[in-house]
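Here the structure is laid out as structure tokens; the discussion comes afterwards.
The values are calculated or read from the model by the stated rules, or taken from the named source; none is laboratory data. Not measured: the values here are computed from a predicted model. Ligands, DNA and RNA are excluded from the accessible area calculation, which covers all protein heavy atoms including side chains. Shrake-Rupley method; radii C 1.70, N 1.55, O 1.52, S 1.80 Å.
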Amino acid sequence: MRDVTFRSAALNRDMQYRVVLPASIAAGSKLPVIYLLHGGDGSFRDWSNYSDSARFAERGLILVMPEGDDSYFVNAAERPQDRYEDYIVNDLIADVESRFPVAAGRTTRAIVGVSMGGFGAVKLALSHPELFVFAGGISPAVDVPSRPFSIKRIRQWRHHSSIFGPWGSQARRNGDPFVLARSADPARTPYLFLTCGEQEGLLPANRSFAALLEHRHFRYEFHVVPGGHDWNQWDERLPSVFQSLSEHMGSN
């Protein structure tokens, strides 16, 4: 396990990510890479601190866990300095591939996230289908751009508005997975793996999103599972996520 600091051109500041490599890598080998995105109020350390994700590197994978702050991994509509989507798809991938024995290319690159990171994984997969062969959303907050105003959550509303733009704006539509899924080409979109816990408030939104994927004939799977919105539930999902990933990695 290794922590890396590098300069992001998109954000114009230093950013960190954690990398987990297999214990041994044959000379000259190039390995698939999985980007693991953390949830809101979390950090790049969360995946290794709160889950057993590191063990999956022994399947011959490189695991990369980037810092995303509370960005939803998109370019903020009202904060032009916060170009987190550009940071991931341009700066991070390039830095990882310059430092580690990564097999570059779509068929050996996947992205998985929990909660906010699950939103990020789904959104980035829909916006950049040429980059990933597989995207996993574990309890993804897919409804954030379409959540109605709530006076009880005024701070959250303001935060989301700064990221996604005013209600009804083109910027907000551009960041909405439901809008993106209605126009994306299902044949070009990465395979989508989605789960949500039975006790989660996000379940209705995830059911609706899965129904949209079904209607438009995307390649996907959706699982309703026991548990709530926490790392105990998410850690239990990892074997099935990595099983599905192994079945689709290397495919077009």
Using DSSP, restrict attention to beta bridges with both residues in the chain and report what percent are antiparallel, rounded to the nearest 5.
-> 30 percent
Relative to the chain, whose Cα atoms define the longest principal axis, helix 116-127 and its Cα axis are tilted in degrees, nearest 10, by 90 degrees
Round to a whole number: what % of the accessible area of the chain belongs to carbon and sulfur, probe 1.4 Å?
-> 48 percent
Mean separation of Cα pairs under 8 Å and 6+ residues apart, divided by the residue count of the range 1-87: what relative contact order is that in percent?
-> 34 percent
Taking a ≥ b ≥ c as the square roots of the eigenvalues of the Cα gyration tensor of the range 137-252, is the shape rounded (a/c under 1.5), prolate (a/b larger than b/c) or oblate?
-> oblate
In percent, how large is the relative contact order of the range 127-252, given Cα pairs closer than 8 Å and 6 or more residues apart?
-> 33 percent
Starting from the Cα gyration tensor of the range 2-53, take the square roots of the eigenvalues, sort them a ≥ b ≥ c, and report rounded, prolate or oblate (rounded when a/c is under 1.5, otherwise prolate if a/b is larger than b/c, else oblate).
-> oblate
Treating every alpha carbon of the range 107-197 as one equal point scatterer without solvent, the Debye formula yields log10 I(q)/I(0) values at q = 0.20, 0.23, 0.24 Å⁻¹ of -0.93, -1.13, -1.19
Result for the chain: accessible area per residue, probe 1.4 angstrom, in square angstrom, of 42 Å²
Express as a percent, rounded to the nearest 5, the fraction of DSSP beta bridges in the range 12-85 (both residues included) that run antiparallel.
-> 60 percent
Along the range 133-143, Karplus-curve 3J(HN,Hα) (6.51, -1.76, 1.60; θ = phi - 60°) to the nearest Hz, with x for Gly and Pro, reads 9, 8, 9, x, x, 9, 6, x, 7, 5, 8
Listed by chain and number, the residues whose amide H is under 5 Å from that of Leu37, excluding neighbours fewer than 5 places away on the same chain and using placed H, are Val112, Gly113, Val114
